[in-house]
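Q: Supplied in structure tokens, the structure appears directly below.
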Amino acid sequence: MSDLAATCRRAEQLGADALWACDHLFWHGPSLECMVVLTVAATATERATVGTCVIQLPLRQAAAVAKQAASLQTLSGGRLVLGVGVGSHAGEYEESGVDYHRRGRLLDTGILELRRCWGSGQGVARGDIADMGPSRYRQLPPPPQVPVWVGGSSEASLQRAATLGDGWMPLYLKPDEYSYAIERLAKKLDVAGRPSDGFTRSIVLFVSIDDDREVSHLRGTAWMSSFYGIPARAFDRHIVSGTAADVASVATDYLRAGADHVAVYVTDDRPLQQFERLMDAF
């Protein structure tokens, strides 16, 4: 725990604007619970945003997540972003007793219920049950608004972000693909009658840095293969690898394509060393 706090503190000192935690209830190896990790991160830092990237809301009881998020938002001084998504691993749904094929519907319902619990929504249809109406109860004194960013790169995720989210958090998109998606997002926001001001466009990059470009690529794909439990070649297209300058240049390409925020997922067991090299390249 002390190492985690020290890592978060050092990342902020190096210039990190946000610290993100991923979420897996059942995984190939041991992992820490994301909201607990973010509590440590918020306690160890002073200004950095802390956020989930992303919490698999269909696998959780939405009211409990709402309570956790409101508590952390209050105690952190308004620094939480709640990234939500469906995940992509059917095994976690099976272990949780949740229908994988209903994950999109469950996420939509979950987002509405979050807002209902926070007092910022007009009710939610739970499954096939009729609209429950606004909650008569309050979980906490009203916290600072909790931004909800919708994760995922599919068209359904893009639509969900435009209609239900405060931001969009895709991954595995190349800069040109991302630019085109941003154009579609703008149109969807317009159709939904929602202003683009205040809506955050982010991107998640899986990065690996080494002075030897081939080594950086092989190391990054091997790390992801170990983490996800699938062959390394599956990640050939999804790793941003190369020298620190190479990776910084690609990150800049996404900013030019319309990203407001770039989240860097370091595919290495030495995240601070890699992050420091990257920050030095900007």
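Q: Net charge near D17: determine it from the other residues with C-beta under 13 Å of the C-beta of D17, scoring Lys and Arg +1 and Asp and Glu -1. If you can, show how the numbers build up before the last one.
A: Working: positive: R47, R79; negative: E12, E46, D260.
That works out to -1.
Q: Further, regarding this structure: Going highest first, how would you order 84-91, 269-276, 228-235 by mean Cβ packing within 10 Å?
A: Details: 84-91: 19.8, 269-276: 15.2, 228-235: 13.8.
With the highest mean Cβ count within 10 Å placed first, the list reads 84-91, 269-276, 228-235.
Q: Check which residues have an amide H placed less than 5 Å from Y265's amide H, if you skip close sequence neighbours.
A: Amide H neighbours of Y265, under 5 Å, 5+ apart: L205, F206, V207.
Q: Select from W27, W168, W118 the residue whose mean-square fluctuation is largest in a Gaussian network model of the chain (Cα-Cα springs shorter than 10 Å).
A: Maximum among the listed residues: W27.
Q: Out of these labelled values of semi-axes √(5λ) of the Cα gyration tensor in Å, [x] 43, 21, 20; [y] 30, 21, 20; [z] 73, 22, 16, which was calculated from the coordinates shown here?
A: Read-out taken from this structure: [y].
Q: With θ set to phi - 60° and the Karplus curve 6.51 cos²θ - 1.76 cosθ + 1.60, what are the ³J(HN,Hα) couplings of the range 272-279 in order, to the nearest whole Hz, using x for Gly and Pro?
A: Values, residue by residue: 5, 4, 5, 5, 5, 5, 5, 5 Hz.
Q: Then there's this: Taking H as built 1.01 Å from N, whose amide H comes closer than 5 Å to the amide H of I239, not counting residues under 5 places away?
A: Long-range HN contacts for I239: none found.
Q: With every atom except the alpha carbons ignored, what do you get for Rg and Dmax of the range 223-269, in angstroms?
A: Rg and Dmax of the range 223-269, Cα atoms, are 12.3, 33 Å.
Q: Which lysines, if any, have their Cα less than 28 Å from the Cα of K174, not counting same-chain residues under 8 positions apart?
A: Straight-line reach from K174, under 28 Å: K187, K188.
Computed from the coordinates by the stated procedures, all read-outs in this text should not be read as laboratory data. Note that the structure is a prediction, hence the values are computed from the model and not measured. Quick reminder, even Gly has a Cβ in these numbers, built from the backbone with ideal geometry, and neighbours come from all protein chains shown.
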